[in-house]
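Structure first, commentary second.
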Amino acid sequence: MEHFIKIAEMKVIQEPGILKTVVGSCIALCIWDRVRKMGGMVHIMMPKSKNNSPLSAGKYANTAVSALYNEMISRNCQKRHLVASMAGGASVFGNRLGNNGRKPIGVENYEIVKEQLQQHRIPIEKEDVGGTSGRRVVFNITDGDIFVSMLNNKSYVTVKKTIREQ
């Protein structure tokens with residue numbers, strides 16, 4: 001079954017299943033349990049929450065990682081089996097909007113998600129972030145693969161594994 005994840009939404013499912021979304025400066029964060037074949041996606045819109053409301057936990061980079069992690073753990077996933085993948089974080093508006101000397105939202109989103117994953121000790125296995133174009137993201141719960149296509153391109157590509165020093 002396929003599920004489309006809207007902005008600030010989060011969903012966790014067991015195999016078989018597909019989670020899909022479309023992101024620009026937002027981040028599509030996917031966490032997968034390699035053993036249980038369970039995975040979740042959250043569509044993160046903004047870097048930081050001002051009110052920490054549980055109703056909007058998926059909307060913000062500083063709360064969404066913990067929300068998705070906690071949901072996975074509550075469904076009997078094991079921390080040692082979890083891996084993360086993410087896509088998005090584009091600067092789709094370039095410098096046209098001006099950020100008053102701040103980093104673009106997509107960059108801030110990515111940096112905070114990465115920091116939060118490090119705090120939870122969840123390794124980032126795959127990522128496709130940055131640039132200036134939005135992305136379609138498809139997360140296959142059965143094998144943990146994510147497929148990304150740029151909005152200005154019609155072909156899907158498998159996201160490359162990030163290289164981590166051992």
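Residues in the range 111-126 that are outside any loop (DSSP other than H, G, I, E, B) and under 15 Å from Ile44 (Cβ atoms): Glu111, Ile112, Val113, Lys114, Glu115, Gln116, Leu117, His120, Ile124. Of all residues in the range 74-108, those satisfying the criterion of being of a type outside the set (A, V, I, L, M, F, W, C), in a helix (DSSP H, G or I) and either modelled with pLDDT of 95 or more or surrounded by fewer than 22 Cβ atoms within 10 Å (Cβ to Cβ) (or both) are Ser74, Lys79, Arg80, His81, Glu108.
When residues in the range 10-53 are screened for being more than 11 Å from the chain's Cα centre (by Cα) and outside any strand (DSSP E or B), 16 of them pass. Do any residues in the range 102-114 that are among the small types (Gly, Ala, Ser) have Cβ atoms under 6 Å from those of residues that are at pLDDT 90 or above, where the two are at least six apart or on different chains, and which pairs are they? Sorted first by the residue in the range 102-114, then by its partner, the pairs are Gly106/Ser25; Gly106/Gly89; Gly106/Ala90. Here Gly131, Gly144 are screened, and the one residue that is among the small types (Gly, Ala, Ser), farther than 28 Å from Met1 by Cβ, surrounded by 14 or more Cβ atoms within 10 Å (Cβ to Cβ) and in contact (Cβ under 8 Å) with a residue 40 or more places away in the chain is Gly131. Being buried (at least 20 other Cβ atoms within 10 Å of the Cβ) and either more than 20 Å from Val148 (Cα to Cα) or at pLDDT 95 or above (or both) holds for only one residue in Ile27, Ile18, and it is Ile27.
The values are calculated or read from the model by the stated rules, or taken from the named source; none is laboratory data. As the structure is a prediction and not an experimental result, all values here were calculated from the model. Ideal geometry is used to build each Cβ from the backbone, glycine not excepted, and the neighbour counts take in all protein chains shown.
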